[in-house]
Each structure stands twice: as C-alpha cells, then as structure tokens.
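A quick write-up on the structure given underneath.
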Amino acid sequence: MSPSASARARFASLAPPRWRRPLLVGLLGVLGLGYWSCATTHEPDPAERTGTPEPGPDGVASAEGAAGVPEAGDEPPLLPVLNEEALTARVAAQRRLLGSNLFEDVRGRPVPWITPQDELPDDEGPTPDEDRSIDDALLDSLPGSSGLGGPGGAEVTAGQRINGNALGLFVPIEGSREQGPPLQRFYDALEALRRGEDADGKVRVLVYGGSHTDADVYPQYIRTYLQERFGDGGHGFVHVAKPWRWYRHADYWVEGSKHWTTEHAQRRKGRMDGLYGYMGTSLSAKSKRAVGKIHPRGDAVGAVYELYFLRQPKGGSFKVLADGELQATVKTRADALGPGYHRFVLPEGQHHIEIELSGNGEVRMFGMTIEREQPGVVVDTLGIGGTRAANMLQWNEDIWADNVAHRDPDLVTFFYGTNEATDEDQPIEAYENDLRAVLDRLATVAPQASCLLMGPGDFPRRREDGTWGNRARIDQIIDVQRRVAADHGCGFWDTKAFMGGDLSMPLWAAAQPPMAKQDHIHFTKRGYVRIGMAVMDAMMVAFDGADLSGG
C-alpha cells in the first residue's frame, strides 16, 4: 500500500471524535505540563543534545513522553511520532530562527532553559542585523492592541515561575472522516516531488494571514522544515519595496518606501478598487524616484525571478536590474486591466534586485517570487497586519485568481480570526457566510490544492479591575472555522487549544523566556517558532504515520 493510500486508511485513528476533544485537550494539559516540568529539571548529557534519534522496532523514533507508535484504531498519540528525518528538520528550522537557543535537540528532547530569569535569551535581544523594534511595531496592526499590556498584567501568583519553553501542546489537524486526510493532495505532491515526478519540480505553499503571518517567523519555520526534508525550491514571494515600515522577510532585506503608495482592502486612504493582486497589497508610483530593492540575507540564493504587476491603460514602464546590470525594461501599458508577469533567470546565487520606474505613467506592483532551478518546496508568506479573511472578498477576483493559478499551489493555509474577534457588532452568521465565500473562491481557483485553517489563539478581554476574562467571540469563531473547514474538505488546527485553552495567553505573556507580547495578542519570535513547530508536527502526522503501517 502506498503512503497516500495508507494515510487515508488510518485517518480515522488520527482525528478524535468532536465530543472527545475537550477531554483530550484537558488530558494533554495535565500530562504535557507534568512532563515538561520534570524534563526541564536536569541538564541532559552532551550526547543527548547531539546524538541521533534511537529508532524503535519500526525504525522510527518517537518523542520522549509520546504514547508510542499508534496501531489502527488507537486514539491519537499525545505527542507526534517523529522519524529521524523529521527530527533533523525540526532542529534545522529552530536553528534558522533561534540560533543556539533551541527548544529541543535532534532526539526531540527538551533543552533546559538555564538563562537567569532577569536576562533574555539571544533570540529576544537586539542583534547587529535585525531591529527588534519590528516586533513592537506589529502591535499596532490589530485594532485596540496599543496599551493593552499596561500595569496589571496576567493573574500570575507572585514569585511564580512559568517556563516559556514548556508551553504549547500537541494538537492534531482536524478534518472530515468521510473525506480522508484533509491535506491528502499536499501529501501526494510531496510524494511526487520525492520521486522526481512533479511536473515543474516544485511544491508550493501559500501562507495567508494577518500580522502573525506578516512577521514571517512561523512561515519561515515551515519553509525551512519542508525544504530540509524535501528540497530547497527557493524563498518564494517578497514585495518589491516596503509596503509598511516594519515589513521584513527572514531571507531577504526589502528597501524602498518613499514615493510608493501602499493600497489594500483595509487601508481607507487608498483606492478601494480591489486591484491588489496576489498578496492583497499593491505598491504604486509614477515618480522616477520610486525605487525598490531586494537583497539576500544569510545564504539565501535564487535563480528564477518573476515580477507580478498590473497591466493597465496609461501604465508606465519600469527597469529591472540585477547586481547593477539592466535585465529588462518592462511596459505595463495595455488596452484593458489585467495581470502582468515578467520572468527572468540568472545563474544561481545571491543577487541584488532593483526596480526603477521610468516616470512615464503609473506602475502598480504586486510583488516578486524567487525560486531556485532545483526541485524543492517553496513557501510564500502573504500576511497583512490587521487583515480579516473577509477582506479577500474585496480583492479583484479575476486578477487574484490568475495570480494564484499562476503559482499553482499544493497547499494554502489561512491564519485569521483574531481581528474578527473585535467585530462584535457583526453577527457570527455573517462571519460564517464570508468565510464560506472565501473558501468557495479558493476551491474554484486552486481545486488541486489542500487547505488548512489555523484558528485564532487565546485573546482575553481586559476587565475594568485589570484582570483578564475569556472572550466569547473567539470560541464562536473557532466553532465556525472548524465547521466550515470540514464542509470544504480543509483541515483545521486549533491554535487556542495548542496554547492551553481559556486564559492561556496571560501565561505566555508572563513566561520566561517571554512567549507572547504584553498586548496579549501577538507572540514573541520564540512564541511564533513554537507555533510553527506545533502546526508543522500536526501537518505531518498523517504523512509520516502512513510509513508506520508498512506503506
């Protein structure tokens, strides 16, 4: 039996019945916290940090504390069963974002956090190549976020120590049992890529969301993990200039904000014409002084570049330079509105790309993709601070659909819901109708792609006395997302359950090392890495679990 067929046969044992989920989450909370608190009381031997996983009878290592290799009909494991390939990818992705301050080693065992409590680990302090104020700037992306982290804080007992590295529970991807694993088409694409049978040698993942996604931390974890296992197909999407001052990507610096106008569905100062393109954000300019620059960071390389822009009557031209050499002059003038593309190929390496306007008419850019010529996975980060899923319905459908179809995705993920939790004057039925319309549009544009909804995390409400209370609308949104995802054959991942349920956010914000910001909405870089680890583990359970049954 092939891994894909085996995954379908075993899916029922990986998706708990809906009525048992609260029980499982509660059990995870007790066992998970107990396990972590015990595991972090000693320093592991150096060999434990650097050794390779010890395979079990089936040649697969399971994370310490897991329930072991599941048999058909068993309840889902309390922790994911991880093979050596997965463990190696987890460590590579952690190192890419956190340096040496890992959560776990290559055996999947926790690395105790021994930094004094009044100090921050390296990944939370300033570094020469990164402005940590970026994280703080993101706090303004969500309605009402400013000032929520003032005096009062979380209800944490005086002197209580919360180990941030111990936070986060394993939560499986939910889906419809009748339809099989919700990410099956994604798994099939990965298998085809491994066998060298993928038509263009690329598996593409589109990651849509709000400011959680815009920060490009958990998407970068997903990118590194998948590329470690299945090949590095290139960084993916990046805008040609800075649509907002804190815009950043893990692998590329983006320069240029003056003389450009940023427009998207949430920006009321701009044109509400829906001509925002692939990401949902356009940059337009007429002045020759408008310049966009994209520089590689670290060891990021590219070979195949493609610019996305609007073709329009009276459209201007722009020049494309690579490493200071003119590659092309691109005309955007056309008889009618429509999507435009310009592709150019360079010898693989680190290239500095520059966009210069000719000054002969408006140029409206949607962004650029960067890929390698070799086979592999590509992850496009498509986050806009303050956005809602329903904003996608305001994007010009023809242009967005053409852009998405042009990318030919194998998986599309959505991480929305926190902003919608503040829309208390909107009936939850209206929210559900909008979400269904978004997924209907995706199904029409990319029927070959799997889809995954990541629910909102815990977002407590500040009471008048300064304490925190549960926000009921968050639970309503989670229920809607779970139901709508199942109806559309998508997966659903419960971020709030992963965090620990009701009022878990104050613990994340009070933890050391810090895992969430004091606004009780956003996470720290380390917190976003933990999200990436957890959702990636959940995504791969059915894929890797298929191998355990002899597929």
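Once you reduce region 272-329 and region 471-500 to the center of their Cα atoms, the two points are 36 Å from each other.
Judged by the gyration tensor of its Cα atoms, with axes a ≥ b ≥ c, region 463-528 is oblate; a/c meets the 1.5 cut and b/c is at least as large as a/b.
Applying the Karplus relation 6.51 cos²θ - 1.76 cosθ + 1.60 with θ = phi - 60° to region 496-504 yields 3J(HN,Hα) values of 5, 4, 4, 5, x, x, 4, 6, 7 Hz, where x marks Gly and Pro.
Spin-label model, residue 199 to residue 350: label points 7 Å out along the Cα-to-beta-carbon direction sit 3.6 nm apart. Per-residue extension of 0.36 nm, minus the Cα-Cα distance of residue 314 and residue 358, leaves a gain of 14.5 nm for this segment.
A simple spin-label model places the labels of residue 467 and residue 479 2.5 nm from each other, with each point 7 Å out along Cα-to-Cβ. Length available on full extension from residue 287 to residue 259: 0.36 nm per residue minus the Cα-Cα distance, which gives 9.4 nm.
Binning the alpha carbon pair distances of region 252-371 at 10 angstrom intervals from zero yields the distribution 13, 46, 33, 8, 0, expressed in whole percent.
In this simple spin-label approximation, residue 160 and residue 329 carry label points 7 Å from Cα along the Cα→Cβ vector, and these lie 6.7 nm apart. Once the C-beta distance of residue 336 and residue 430 is scaled by a Förster radius of 45 Å, the resulting FRET efficiency is 0.85 to the nearest 0.05. Remark: region 227-241, residue by residue, has Karplus-estimated 3J(HN,Hα) of 5, 5, 8, 10, x, 8, x, x, 5, x, 7, 8, 6, 7, 8 Hz, where x stands for each Gly or Pro and the curve is 6.51 cos²θ - 1.76 cosθ + 1.60 at θ = phi - 60°. Ellipsoid semi-axes for region 302-359, based on the Cα gyration tensor and the rule √(5λ), read 23, 12, 7 Å when sorted largest first.
Dividing the mean sequence gap of close Cα pairs (under 8 Å, 6+ apart) by how many residues region 252-371 holds gives a relative contact order of 34 percent.
No lab work stands behind these numbers, since they all come straight from the coordinates. Everything numeric in this text was worked out from a predicted model, so none of it was measured. Every residue, glycine among them, receives a Cβ derived from its backbone with ideal geometry; neighbour counts consider all protein chains shown.
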